[in-house]
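To start, the structure under review is shown below, and the notes come after it.
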Amino acid sequence: MSNKGQALIEFILILPILLILTIGIFDLFNIQNKKYDLENDLDYVTQLYITNKENEIEPYLNKNNITLEKNINEEYIELKLTKQVKLITPLLNKILENPTTISVKRSVLYE
C-alpha cells in the first residue's frame, strides 16, 4: 500500500470523530449563548416586576417559550426562568438530555 492510500484511509477513519467533536462544540456554544440570552430575559422580567408592569410578563414569556417560577417571601421575590434547548449532536444526546433544560434565577427586593 502506498503512503497516499494509507493517508486517505486514516483520514476517512478520523473524519467522523472530528465532525462529531466539531458539531458538539457548536452545541455547547449554543447552550451557552441561550443561557446568556436567558440572563438578558431575566433582567427584563426583573425590571418589569420592579416597575409594577406584571401584566406584560406573561405575553413576553409565552412569545419566547420561557417558563417562570416565582417564590415570594416577606421581603424578596425569587424569579427563575427556564427554557428548553434542542441539541443536534448525537454524542451530546447521550450525555445530556435532549432537549436540555437551562435555567437562571435571581432574588430581588420586592416592596
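Annotations
- Count of the range 80-97 residues which are in a strand (DSSP E or B) and not basic (Lys, Arg): 4
- Residues of the range 80-111 classified as surrounded by fewer than 11 Cβ atoms within 10 Å (Cβ to Cβ) and touching a strand residue (DSSP E or B) at 6+ places or on another chain (Cβ under 7 Å), total: 1
- The range 60-74, subset part of a loop (DSSP other than H, G, I, E, B) and out of contact with any strand residue (DSSP E or B) (no Cβ under 7 Å at 6 or more places or on another chain), residue nearest to Ser107 (Cα to Cα): Asn73
- From Ile31, Ile57, Ile77, residue being at pLDDT 85 or above, open to solvent by less than 70 Å² (accessible area, probe 1.4 Å) and outside any helix (DSSP H, G or I): Ile77
- Among the candidates Ser103, Ser107, the residue that is outside any helix (DSSP H, G or I) and more than 17 Å from the chain's Cα centre (by Cα) is uniquely Ser107.
- The range 62-81 residues that are free of Cβ contacts under 8 Å to residues at least 40 places away in the same chain, paired with ones that are of a type in the set (S, T, N, Q) and in a helix (DSSP H, G or I) (beta carbon under 7 Å, 6 or more apart): Leu79/Thr46
- Residue in the range 42-54 that is farthest from Ile102 (Cα to Cα), counting only those that are open to solvent by less than 80 Å² (accessible area, probe 1.4 Å) and in contact (Cβ under 8 Å) with a residue 24 or more places away in the chain: Tyr49
- First in the range 91-111 and more than 13 Å from Asn30 (Cα to Cα), second anywhere and open to solvent by 50 Å² or more (accessible area, probe 1.4 Å) and polar (S, T, N, Q), Cβ under 8 Å, 6 or more apart: none
The values are calculated or read from the model by the stated rules, or taken from the named source; none is laboratory data. Note that this is a predicted model, so its numbers are computed, not measured. Note: ideal-geometry Cβ built from the backbone for every residue, glycine included; neighbour counts use all protein chains shown. SASA here: full protein model, heavy atoms, side chains in, ligands and nucleic acids out. Shrake-Rupley method; radii C 1.70, N 1.55, O 1.52, S 1.80 Å.
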